[in-house]
Structure formats: C-alpha cells, structure tokens
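Shown next, in structure tokens, is the structure this report addresses.
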Amino acid sequence: MERSRIAVAGASGLIGTALVRSLTADGHEVRRLVRHAPRAKDEVRWDPERRTVDAVGLSGCTAVVNLAGAGIGNRRWTDSYKRAIRDSRVLGTATLAEAVASLDEPPRVFVNGSAMGYYGETGERAVDEDSPAGDGFLPSVCVEWEGAAGAAQDAGVRTVFVRTGLVVACGGGAWAKLFPLFKAGLGGRMGDGSQYWSFIALHDEVAAIRHLIDTDGLSGAFNLTAPRPVTNREITAAMGRVLHRPTLFTVPAPVLRLVLGEMSGEVLGSARVLPKRLLESGFTFSFPEVDDAIRAALA
C-alpha cells in the first residue's frame, strides 16, 4: 500500500489503537477523530451526538475508518445504556457517512465497524455473510448501524462493514477479563460450555481491516472471525493449556443471568460465524487456531 492519509474514529479503543500503531509504523499519516478540542496536529474534532464533524480534517484522506461505539460489555444493559450502545454507533456512522459524501474529493473507501452480533443466536448452525440478520437487541443495532452508512454508499464511495468477532487481546474486550481469571487458576466453563465463540486474534483483526482498505473492489459485509469457531468448552481447555493453569471452575448459567442481566445472552449465546468473503478475497490468517491467538495476545 502506498503511503496514505487515513482518518480513524474510535482510535483510542482496543482495535483502533492497534490499527493506528500499525498504520503509522508503515509510514501512513493518521488523523484521529476526537470529541475534545484538537490538541495535536493529527486530531480532528467531531461530535456524533450533534451530528457534526470537521469535514476539512477529512480532506485528502484515502480512507475513513469508523470503529467508534460504546463498549458492549462495559456495563450492565440498562435501558439508558442500550440507547448509548445504539446511538453511539448509528449517529456516529451517519455523521461520518454524510461528511464523506459531502467532500469534493471523497475517500476511496469507508470502512465501518459492525459485529458478529448481526447474526444473533445461531446455535450449532454455521453462518456467513449471506445469512440474514438474527433477532434481538444486538442484531437490530447492527442492522441500523450498517444502514446508517447509506450516504457514503449513495455517493459512490466503496463501503465495507467489518462484522468483528471476539477479539483475543489482553488490552480490552472480553478476553481482557478472562486472562486474569485464568492466570489465577480461577477460569472455567461458562454455562454448559457448548456455545460457540467466534474469535479473532487482534493481529488478524488489524491485518484484515488493512486488507479491506487496500483491496479495490471489496465492498459490503465481511465477517472478521477466525476460520474455525470453537465452543466455550474448547476455549476453556485452550486457556488452560497455554497458561498451564487448571480450569476446574464453572459459572452456572443462572448465576451469569443474575449478575449480567440481559447481557448474559451474549455470553451464553452461540455464534458460529465463518469468514467466507474474507477468505475468498485472498486474506490469510496468521493465527487461525485459538491456541495460537491466545499465545499471540500474551506475546
């Protein structure tokens, strides 16, 4: 990829931080969208709740990447926090899509976040990008989230949706909460452990986003999940193997429902999601197996 100027919203999050680090290491100029008054030359002001963004700051960008959104697992899902989850994604996407469409020279590509939550509960059934949206809160959010990018698509900007799985990393996301427990020998199966968790190594997540930025002709939805989803029982065993710790504890489903409320459905639910389009596009995973993804996170 030739050296480019790329704008990133959500640059301080787990994936955004790793993406910015990767891009700058290769000599690209990154403009980070921030909600405060810019304090550095690489910062661009935006306010998704007020639907405003400094469009001048996006000028000259070959790509705009939107990874912004309130954390799914950060807090209990009260009605107000569910609104924050939805609004932070839908309003932010609409704001950027409209700004991109308004530019005299729009970027070549708009990469917008999404999630494997699009598919909802799949049980043992494998799903790919041709599968329909599921039912429930997160699928409905994902449908609105992707739909909010319509202005960019209507303007002819190549638009990509990255339906990300559970990112294996120590610095954030679900795995950041698992690692301390397993290192202390307190990790174990959640519920009966039969539910599929579709994972992806942080390294592969960033590499896949860059692949989608760089590869002309790729648009629409792409599942960013490793090729072989595994069950929670298999993940528990893999964590024990890699960390050399016992995995004797289990968290019964009723306890998870009591502690987590509605969000417990995402822990106990099964999502067997396959990266069909990503593999067809020529992308190669560096850490396709869960043991390798765990080791990469600890490296």
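Close amide H partners of L166, meaning residues 5 or more places away or on another chain with modelled amide H under 5 Å apart, are S198, F199, I200.
I'd like the per residue volume of the convex hull spanned by the Cα atoms of the stretch 1-85, given in cubic angstrom. Don't skip to the end; give the middle numbers.
Values: hull volume 8.8 nm³, N = 85.
In the stretch 1-85, the Cα hull volume divided by residue count equals 103 Å³.
The H on the amide N of A70, modeled in the peptide plane, is under 5 Å from the matching H of S88, R89, each at least 5 residues off or on a different chain.
Computed about the Cα centre, the dipole magnitude for the stretch 71-123 is approximately 360 debye when only Lys and Arg (+1) and Asp and Glu (-1) carry charge, each at its Cβ.
At a Förster distance of 45 Å, what's the computed FRET efficiency of C170 paired with E105, Cβ-Cβ distance as r, to 0.05?
E(calc), rounded to 0.05, equals 0.70.
Over all Cα atoms in the stretch 117-203, the spread is summed up by Rg and Dmax: 16.4, 53 Å.
In the chain, Cα pairs under 8 Å separated by at least six residues give a relative contact order of 18 percent. Could you tell me how many degrees, from 0 to 90 and to the nearest 10, lie between the Cα long axis of helix 173-183 and the main elongation axis, the longest principal axis, of the Cα atoms of the chain? Roughly 30 degrees, rounded to the nearest 10. Summarising the strand pairing of the chain, around 10 percent of its internal DSSP beta bridges are antiparallel. Relative to the globular-protein estimate of 2.2 N^0.38 Å, the Cα radius of gyration of the stretch 129-269 stands at 1.21. Simple rule: put +1 on each Lys or Arg Cβ and -1 on each Asp or Glu Cβ in the stretch 49-96, find the dipole, and look at L58, T78, T93; the Cα lying farthest toward the positive end is T78. Rounded to the nearest 20 debye, the dipole magnitude of the stretch 8-69 is 160 debye, with +1 charges on Lys and Arg beta carbons, -1 on Asp and Glu beta carbons, and the Cα centre as origin. In units of the rule-of-thumb radius 2.2 N^0.38 Å, the stretch 11-155 shows an alpha carbon radius of gyration of 1.10.
When ranked by the protection proxy of mean other Cβ atoms within 10 Å per residue, highest first, what sequence do the peptides 63-72, 175-184 form?
Numbers: 63-72: 23.4, 175-184: 16.1.
For the peptides 63-72, 175-184, the packing ranking is 63-72, 175-184.
The stretch between D79 and D214, if pulled fully straight at 0.36 nm per residue, gains 44.7 nm over its current Cα-Cα span.
Show me 91-97, 81-87 ranked by packing, highest mean number of other Cβ atoms within 10 Å first.
Details: 91-97: 24.4, 81-87: 16.3.
The densest-packed peptide leads the list: 91-97, 81-87.
Applied to the stretch 10-15, the Karplus parametrisation 6.51 cos²θ - 1.76 cosθ + 1.60 on θ = phi - 60° returns per-residue 3J(HN,Hα) values of x, 5, 9, x, 4, 6 Hz, with x for Gly and Pro.
Computed over the Cα atoms of the chain, the ratio of the radius of gyration to the Kirkwood radius (Rg/Rh) comes to 0.96. What the phi angles of the stretch 94-102 give under the Karplus curve with 6.51, -1.76 and 1.60, with θ = phi - 60°, is a coupling list of 4, 4, 6, 4, 5, 5, 4, 5, 7 Hz, glycine and proline written as x.
Put simply, when 198-204, 230-236 are sorted by average Cβ atoms within 10 angstrom per residue, most first, you get 198-204, 230-236. Working note: 222 nm ellipticity from helices only, DSSP H runs with n ≥ 4, each -39,500 (n - 2.57), summed and divided by the residues of the chain, gives -11500 deg cm²/dmol to the nearest 500.
FYI, it's all coordinate maths here, none of it is from the lab. Owing to the predicted nature of the structure, the values given are computational and were not obtained by experimental measurement. Counting neighbours? That spans all protein chains shown, and the Cβs are built from the backbone with ideal geometry, glycine included.
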